[in-house]
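Beneath this line is the structure, given in structure tokens, with notes to follow.
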Amino acid sequence: MCYGDIKVLRNVTFQVNPGEKIGIIGRSGAGKSSIIQAIFRMADLSGDILIDDININSVAIAELRNSLAIIPQNPTVFKGTLRNNLDIYNLKPDEVLWSALNSVSFLQIYNFLFLYYKFGLCTLI
Ligand SMILES: Nc1ncnc2c1ncn2[C@@H]1O[C@H](COP(=O)(O)OP(=O)(O)OP(=O)(O)O)[C@@H](O)[C@H]1O
Ligand SMILES: [Mg+2]
């Protein structure tokens, strides 16, 4: 993979099995973010990345990126509503978002509780 003329991630090969959750660790500059950039096709890539035996270069970029999810090192919250942050394209019904919030014990965050019950998923954050 390259940033302009600078080559990074040389000879990296790994396999993730279906259903596996993996974490990528390494010192600063090791290439963790670059792996993510490669998978999302945000940088030039000279090798091949296959997902379910499909080369990611053969998939439309929007389809590829919509099919992937990551948990980055630093959490980011965008200005807007809770719903915007959870479901930017407004595709999921409220129940699914409530369920996701429940699964991370969101409702136990005391300071949010009042606003949340008053404004629900329209709570501004
Ligand atoms: N935009 C860029 N242009 C040029 N080189 C870059 C760029 N981004 C990263 N690099 C280089 O690519 C290599 C891998 O960096 P990367 O950011 O992937 O590491 P990282 O493991 O995510 O580090 P950190 O823990 O600091 O986030 C490093 O040598 C870095 O200097
Ligand atoms: Mg990084």
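Which of GLU20, GLU63 has the fewest other C-beta atoms within 10 Å, and how do the rest follow up to the most? Before the final figure, lay out the partial values.
Details: GLU20 7, GLU63 10.
Ranked by crowding around the Cβ, least crowded first: GLU20, GLU63.
Just to be sure I understand: if I project the alpha-carbon convex hull of the chain onto a plane and average over all orientations, what area do I get in nm²?
Numbers: hull surface 40.2 nm².
If you wrap the Cα atoms of the chain in a convex hull and average its projections, you get 10.0 nm².
Which values of log₁₀ I(q)/I(0), to two decimal places, follow from the Debye formula for region 2-66 at q = 0.12, 0.20 Å⁻¹ with a uniform point scatterer at every Cα?
Values returned for q = 0.12, 0.20 Å⁻¹ are -0.33, -0.93.
Please list, by residue number, every one of the trypsin sites (Lys or Arg not before Pro) in region 1-71 that is coil in DSSP and has at most 10 other beta-carbon atoms within 10 Å.
Values: sites: LYS7, ARG10, LYS21, ARG27, LYS32, ARG41, ARG65; in loops: ARG10, LYS21, ARG27, ARG41.
Listed in order of number, the matching sites are ARG10, LYS21, ARG27.
Given labels modelled 7 Å from the Cα in the Cβ direction, how far is it in nm from ALA43 to ASN85?
2.9 nm
At a threshold of 8 angstrom on Cα-Cα distance, excluding pairs fewer than six apart, so keeping six or more, what relative contact order does the chain reach in percent? Walk me through the intermediate numbers first.
Details: 75 pairs, mean separation 25.2, N = 125.
20 percent.
Straight-line reach from LYS21: which lysines have a Cα under 24 Å away, not including same-chain ones fewer than 8 places off?
The qualifying lysines are LYS32, LYS92.
Only the coordinates and a few stated rules stand behind these numbers; no lab work does. Nothing here was measured: the structure is a model prediction, and the numbers come from that model. Reconstructed Cβ throughout: ideal geometry from the backbone, glycine too, with neighbour counts over all protein chains shown.
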